[in-house]
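**Student:** Just dropping this structure here.
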Amino acid sequence: MAALDLEHTVLDLARLYESERPIDLDVLDLHARRMLAAVAAEDMVAASTAAALAKGVAERNATSVGSEAADAAVAADAAAEEEDLAAIAEAASGLRAGVSD
(Lines give C-alpha, C1' and ligand atoms only; values in the text may rest on other atoms or scores of the structure.)
Protein backbone atom coordinates (compact mmCIF):
# COMPACT_ATOMS: atom_id res chain seq x y z
CA MET A 1 0.00 0.00 0.00
CA ALA A 2 2.92 2.35 0.65
CA ALA A 3 4.05 1.91 -2.96
CA LEU A 4 0.53 2.77 -4.15
CA ASP A 5 0.54 5.87 -1.92
CA LEU A 6 3.82 6.97 -3.49
CA GLU A 7 2.44 6.39 -6.98
CA HIS A 8 -0.60 8.50 -6.13
CA THR A 9 1.71 11.35 -5.13
CA VAL A 10 3.62 11.03 -8.39
CA LEU A 11 0.38 11.12 -10.39
CA ASP A 12 -0.72 14.23 -8.52
CA LEU A 13 2.55 15.88 -9.49
CA ALA A 14 2.19 14.72 -13.10
CA ARG A 15 -1.14 16.54 -13.31
CA LEU A 16 0.83 19.76 -13.24
CA TYR A 17 2.16 19.00 -16.72
CA GLU A 18 0.42 18.06 -19.93
CA SER A 19 0.56 14.48 -21.09
CA GLU A 20 -0.76 12.56 -24.06
CA ARG A 21 -2.87 10.31 -21.83
CA PRO A 22 -5.16 11.93 -19.27
CA ILE A 23 -3.64 11.43 -15.81
CA ASP A 24 -7.06 10.56 -14.40
CA LEU A 25 -7.03 7.32 -16.39
CA ASP A 26 -3.87 6.39 -14.51
CA VAL A 27 -5.53 7.44 -11.25
CA LEU A 28 -8.45 5.14 -12.02
CA ASP A 29 -6.04 2.29 -12.67
CA LEU A 30 -4.33 3.08 -9.37
CA HIS A 31 -7.66 2.91 -7.51
CA ALA A 32 -8.47 -0.38 -9.23
CA ARG A 33 -5.14 -1.81 -8.09
CA ARG A 34 -5.81 -0.47 -4.58
CA MET A 35 -9.13 -2.32 -4.60
CA LEU A 36 -7.45 -5.54 -5.70
CA ALA A 37 -4.76 -5.20 -3.01
CA ALA A 38 -7.39 -4.49 -0.38
CA VAL A 39 -9.48 -7.47 -1.45
CA ALA A 40 -6.39 -9.68 -1.26
CA ALA A 41 -5.86 -8.41 2.29
CA GLU A 42 -9.59 -8.79 3.04
CA ASP A 43 -9.71 -5.11 3.98
CA MET A 44 -13.26 -3.96 3.30
CA VAL A 45 -12.61 -0.39 4.45
CA ALA A 46 -9.69 0.13 2.06
CA ALA A 47 -11.55 -1.57 -0.80
CA SER A 48 -14.64 0.57 -0.20
CA THR A 49 -12.60 3.75 -0.01
CA ALA A 50 -10.82 2.99 -3.28
CA ALA A 51 -14.15 2.13 -4.92
CA ALA A 52 -15.72 5.42 -3.82
CA LEU A 53 -12.70 7.38 -5.02
CA ALA A 54 -12.75 5.59 -8.38
CA LYS A 55 -16.43 6.37 -8.85
CA GLY A 56 -15.78 10.04 -8.06
CA VAL A 57 -12.88 10.26 -10.51
CA ALA A 58 -14.92 8.52 -13.22
CA GLU A 59 -17.88 10.86 -12.71
CA ARG A 60 -15.67 13.96 -12.67
CA ASN A 61 -14.02 12.89 -15.94
CA ALA A 62 -17.02 11.55 -17.81
CA THR A 63 -15.83 13.01 -21.12
CA SER A 64 -12.42 11.30 -21.04
CA VAL A 65 -13.38 8.03 -19.36
CA GLY A 66 -14.98 5.38 -21.53
CA SER A 67 -18.31 3.85 -20.63
CA GLU A 68 -16.71 0.49 -19.75
CA ALA A 69 -14.48 2.11 -17.13
CA ALA A 70 -17.26 4.35 -15.83
CA ASP A 71 -19.64 1.40 -15.49
CA ALA A 72 -16.96 -0.63 -13.69
CA ALA A 73 -16.30 2.22 -11.24
CA VAL A 74 -20.03 2.45 -10.46
CA ALA A 75 -20.19 -1.35 -10.07
CA ALA A 76 -17.24 -1.32 -7.67
CA ASP A 77 -18.91 1.32 -5.52
CA ALA A 78 -22.20 -0.62 -5.54
CA ALA A 79 -20.33 -3.80 -4.55
CA ALA A 80 -18.69 -1.87 -1.72
CA GLU A 81 -22.12 -0.76 -0.50
CA GLU A 82 -23.07 -4.46 -0.39
CA GLU A 83 -19.73 -5.32 1.28
CA ASP A 84 -19.04 -7.90 -1.43
CA LEU A 85 -15.27 -8.27 -1.79
CA ALA A 86 -15.52 -10.71 -4.71
CA ALA A 87 -17.71 -8.28 -6.67
CA ILE A 88 -15.33 -5.42 -5.86
CA ALA A 89 -12.44 -7.47 -7.27
CA GLU A 90 -14.43 -8.27 -10.41
CA ALA A 91 -15.36 -4.62 -10.93
CA ALA A 92 -11.75 -3.53 -10.27
CA SER A 93 -10.54 -5.92 -12.96
CA GLY A 94 -13.14 -4.50 -15.32
CA LEU A 95 -12.02 -0.99 -14.45
CA ARG A 96 -8.40 -1.85 -15.25
CA ALA A 97 -9.49 -3.28 -18.59
CA GLY A 98 -11.60 -0.21 -19.30
CA VAL A 99 -8.80 2.27 -18.74
CA SER A 100 -6.22 0.29 -20.70
CA ASP A 101 -8.11 0.67 -23.99
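**Student:** Given contacts defined as C-alpha pairs under 8 Å and at least six residues apart, what's the relative contact order of the chain, whole-number percent?
**Tutor:** Averaging sequence separation for qualifying contacts and normalising by length gives 29 percent for the chain.
**Student:** Now, a different point. In a GNM of the chain with a 10 Å cut-off on Cα contacts, which of Ala50, Ala41, Ala72 has the highest mean-square fluctuation?
**Tutor:** Ala41
**Student:** Still on this model: Using alpha carbons only, how many degrees (0 to 90, rounded to 10) separate the axis of helix 2-14 from the longest principal axis of the chain?
**Tutor:** 30
**Student:** May I ask you to evaluate 6.51 cos²θ - 1.76 cosθ + 1.60, the Karplus curve with θ = phi - 60°, for each residue of the range 69-74 and list the ³J(HN,Hα) values in order in whole Hz, giving x for glycine and proline?
**Tutor:** With coefficients 6.51, -1.76 and 1.60, one gets 5, 4, 4, 5, 5, 5 Hz.
**Student:** Enumerate by residue number the GluC sites (Glu not before Pro) in the range 14-101 meeting two conditions: DSSP loop (anything except H, G, I, E, B), and at most 14 other Cβ atoms within 10 Å of the site's Cβ.
**Tutor:** Those that pass, being in a loop and sparsely packed, are Glu18, Glu20, Glu42, Glu82, Glu83.
**Student:** Continuing with the same structure: Given the DSSP H assignment, sum -39500 (n - 2.57) over each helix run of at least 4 residues in the chain and divide by its residue total; what's the result at 222 nm in deg cm²/dmol, nearest 500?
**Tutor:** -26000 deg cm²/dmol
**Student:** Just to confirm the number: angle between the C-alpha axis of helix 85-100 and the first principal axis of the chain, 0 to 90 degrees, nearest 10?
**Tutor:** Value to nearest ten degrees: 20.
**Student:** At a 1.4 Å probe radius, carbon and sulfur cover how many percent of the accessible area of the chain?
**Tutor:** With neighbouring chains kept in place, the figure for the chain is 54 percent.
**Student:** Would you kindly state how much longer the chain becomes between Glu90 and Ala41 on full extension, computed as 0.36 nm times their sequence separation minus their alpha carbon distance, in nm to one decimal?
**Tutor:** 16.1 nm
**Student:** Rank these by accessible area, largest first, 1.4 Å probe: Val10, Val39.
**Tutor:** Putting Val10, Val39 in descending order of accessible area: Val10, Val39.
The values are calculated or read from the model by the stated rules, or taken from the named source; none is laboratory data. All values derive from a computational prediction rather than experimental measurement. Cβ atoms come from the backbone with ideal geometry, glycine included; neighbour counts cover every protein chain shown. Note: areas computed on protein heavy atoms with side chains; ligands, DNA, RNA excluded. Shrake-Rupley method; radii C 1.70, N 1.55, O 1.52, S 1.80 Å.
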